[in-house]
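Report on the following structure.
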Amino acid sequence: MLSALLSAGAAALMAQPAPKSTPPASYTETIPNSSVTFEMVAVPGGTFLMGSPASEAGRDADEGPQVEVTLKPFWIGKTEVTWDEYDQFAFVGNTGARTGDGGAGDAVDAVTKPSRAYGDEAKGYGKGKMPALAMTQHAAMEYCRWLSKVTGKAYRLPTEAEWEYAARAGDTGAKPANLEEQAWHSGNAKETPHKVGTKAPNAFGLHDMLGNVAEWVLDMYAENRYAEWGAKATQPVAIPTDKRYPHPTRGGSFIEGADKLRYANRQPSHEDWSQRDPQVPQSIYWHTDADHVGFRVVRALEEQPNLKGIKSQVIKESGDR
């Protein structure tokens with residue numbers, strides 16, 4: 001089955017413009033001072049059509065107009081970040097300074113670490129190779145900054161364009177023809193996320209790009225974002241501000257129906273995702289009501305200038321919008 005998938009993906013990729021450069025080799029990263037590893041998959045640079053056509057079933061207005069996007073090569077996590085990985089940052093006390101909720105963006109350039117979640121941060125789904133979830137976009141960005149610090153490699157969240165390019169892997173349709181084999185959704189997940197990598201990969205060899213948990217991307221969300229970018233864009237990104245909301249999540253999750261798992265679907269974050277957080281102000285690290293959200297990491301082969309050293313600007317006093 002896997003060989004058939006890869007063959008189909010390769011055929012789809014051939015329909016796309018030729019990559020602009022040779023991709024680097026995939027590799028396995030070991031988090032220093034631990035035995036925890038994760039895999040990074042090499043993705044070739046290239047050009048693709050981002051968003052969905054007006055004729056696509058189930059399409060929302062924020063998925064267009066379509067934009068011809070060109071990207072340089074990068075690596076992306078083979079799977080979503082697991083609790084084994086995230087716990088090294090959040091709770092093991094590996095390295096980095098724990099400065100509390102108010103520390104992000106302060107004068108000391110230390111990586112902040114999460115305060116404890118209100119209740120079980122794993123939401124009863126278990127840890128280990130399960131996808132880490134229910135963290136804010138700020139927390140996901142801080143994880144990437146911590147990971148960069150301890151590994152010496154510049155990791156960050158994927159831009160929205162990088163995410164969709166990696167998810168499509170050359171597919172120009174709305175979703176994979178073999179969605180059931182690739183994705184956990186409400187029709188097959190039994191109301192729970194699943195261990196990463198247990199479904200078939202896409203043509204790039206990436207697991208769970210659709211379903212399981214929705215994934216944070218780096219950008220600030222706007223419904224008309226693609227119109228702002230115009231018909232063609234190179235390395236587009238909407239740099240996040242100091243506002244807590246909204247940021248896009250991509251790919252859908254285990255709580256949504258298969259009809260929602262489309263490459264172009266965008267779901268912005270909302271204040272309701274922390275509705276049951278009793279703290280005042282509410283945590284900038286955890287969403288009490290968003291157990292469907294996780295993330296994966298990216299590393300650029302050649303980082304674009306406006307993303308070098310990027311870090312979250314959110315602090316405890318940040319406004320919602």
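A compact table of results
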item	result
Qualifying residue in the range 263-281 (condition: over 25 Å from G126 (Cα atoms), open to solvent by 10 Å² or more (accessible area, probe 1.4 Å), of a type in the set (V, I, T) and modelled with pLDDT under 95)	yes
Filtered residue count, the range 258-285, keeping only those that are assigned to a loop (DSSP other than H, G, I, E, B) and farther than 23 Å from Y118 by Cβ	5
Qualifying positions in the range 210-222 - buried (at least 18 other Cβ atoms within 10 Å of the Cβ) and part of a loop (DSSP other than H, G, I, E, B)	L210, G211, N212, V213, V217, L218, D219, M220, Y221
Members of the range 24-39 that are part of a strand (DSSP E or B) and either more than 19 Å from the chain's Cα centre (by Cα) or farther than 15 Å from T82 by Cα (or both)	Y27, T30
Top-ranked residue in the range 45-64 [being in a loop (DSSP other than H, G, I, E, B) and open to solvent by 20 Å² or more (accessible area, probe 1.4 Å); ranked as nearest to G257 (Cα to Cα)]	G58
Subset of the range 298-308 [in contact (Cβ under 8 Å) with a residue 12 or more places away in the chain, farther than 24 Å from G252 by Cβ and either out of contact with any Lys or Arg (no Cβ under 9 Å at 6 or more places or on another chain) or not acidic (D, E) (or both)]	R299, A300, L301, Q304, N306, L307, K308
Cβ-Cβ under 6 Å pairs, at least 6 apart or on other chains, the range 149-164 side closer than 14 Å to T30 by Cβ, far side modelled with pLDDT of 95 or more and open to solvent by less than 10 Å² (accessible area, probe 1.4 Å)	Y155/C144; Y155/L147; Y155/V297
Residue in the range 65-94 that is farthest from F254 (Cα to Cα), counting only those that are part of a loop (DSSP other than H, G, I, E, B) and hydrophobic (A, V, I, L, M, F, W, C)	V92
Some residue of the range 131-149 being surrounded by 20 or more Cβ atoms within 10 Å (Cβ to Cβ), of a type in the set (D, E), modelled with pLDDT of 95 or more and outside any helix (DSSP H, G or I)	no
Filtered residues of the range 156-169 (kept if open to solvent by less than 10 Å² (accessible area, probe 1.4 Å) and of a type in the set (F, W, Y))	W163
Every residue from the range 223-262 that is open to solvent by less than 60 Å² (accessible area, probe 1.4 Å) and free of Cβ contacts under 8 Å to residues at least 60 places away in the same chain	T249
Which numbered condition E302 misses (of (1) under 21 Å from A117 (Cβ atoms); (2) modelled with pLDDT under 95)	(1)
Residue in the range 286-297 that is farthest from the chain's Cα centre (by Cα), counting only those that are touching a residue at least 60 places away in the same chain (Cβ under 8 Å) and assigned to a loop (DSSP other than H, G, I, E, B)	T288
Index of the failed condition, E302 passing every other in (1) surrounded by fewer than 23 Cβ atoms within 10 Å (Cβ to Cβ); (2) touching an Asp or Glu at 6+ places or on another chain (Cβ under 9 Å); (3) assigned to a loop (DSSP other than H, G, I, E, B)	(2)
Cβ pairs under 7 Å, 6+ apart, first in the range 192-203 and within 16 Å of F295 (Cβ to Cβ), second outside any loop (DSSP other than H, G, I, E, B)	P193/P131; V196/T82; V196/P131
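The values are calculated or read from the model by the stated rules, or taken from the named source; none is laboratory data. Everything numeric in this text was worked out from a predicted model, so none of it was measured. Counting neighbours? That spans all protein chains shown, and the Cβs are built from the backbone with ideal geometry, glycine included. For the accessible areas, the whole protein counts, side chains as well, though only heavy atoms, and no ligand, DNA or RNA atoms are used. Shrake-Rupley method; radii C 1.70, N 1.55, O 1.52, S 1.80 Å.
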